[in-house]
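Enquirer: Let me give you the structure first, and then I'll get to my questions.
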Amino acid sequence: MRGTNAKQSSLLRRFFPKWKSFDGLSDAAVRRVEDCISNLPRRIFDCLCSEALFQAALFDVASSGQPKKHRYCINHAVWL
């Protein structure tokens, strides 16, 4: 889990360096960064992005009322 947290921090630091102040940051700017990070392909998800997996899970719940065990997580079974 430590590696995943470090990876997320490094992704954020691409957009927001340690020296940058968050005081003047708009909600729209934060949303653009959030969308960019959510649409990055992840190796753990078999090169799919988290946004695509989230949308697939929403579709599963909407169509059957139950989330399905997703087949894209390589390291362990994840309920979405």
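Enquirer: Looking at region 24-44 only, could you name the residues that are open to solvent by less than 100 Å² (accessible area, probe 1.4 Å) and either of a type outside the set (A, V, I, L, M, F, W, C) or not in a helix (DSSP H, G or I) (or both)? Break it down stepwise before answering.
Expert: We begin by selecting, within region 24-44, every residue open to solvent by less than 100 Å² (accessible area, probe 1.4 Å); these are 24-26, 28-30, 33-42, 44.
Within region 24-44, GLY24, LEU25, SER26, GLU34, ASP35, SER38, ASN39, LEU40, PRO41, ARG42 qualify.
Enquirer: With respect to SER21, determine if the residue is over 17 Å from GLU51 (Cα atoms), hydroxyl-bearing (Ser, Thr, Tyr), open to solvent by less than 70 Å² (accessible area, probe 1.4 Å) and over 15 Å from the mean Cα position of the chain (by Cα).
Expert: So SER21 passes the test.
Enquirer: What pairs can you find where one residue is in region 45-61 and under 22 Å from VAL33 (Cα atoms), the other is assigned to a helix (DSSP H, G or I) and β-branched (Val, Ile, Thr), and their Cβ atoms are less than 6 Å apart, with a gap of 6+ or different chains?
Expert: Close Cβ pairs (under 6 Å, with a partner that is assigned to a helix (DSSP H, G or I) and β-branched (Val, Ile, Thr)) do not exist here.
The values are calculated or read from the model by the stated rules, or taken from the named source; none is laboratory data. Note that this is a predicted model, so its numbers are computed, not measured. So basically every Cβ, Gly included, is an ideal-geometry build from the backbone, and we count neighbours across all protein chains shown. To get the accessible areas, we keep the full protein, side chains included, count just its heavy atoms, and leave off ligands, DNA and RNA. Shrake-Rupley method; radii C 1.70, N 1.55, O 1.52, S 1.80 Å.
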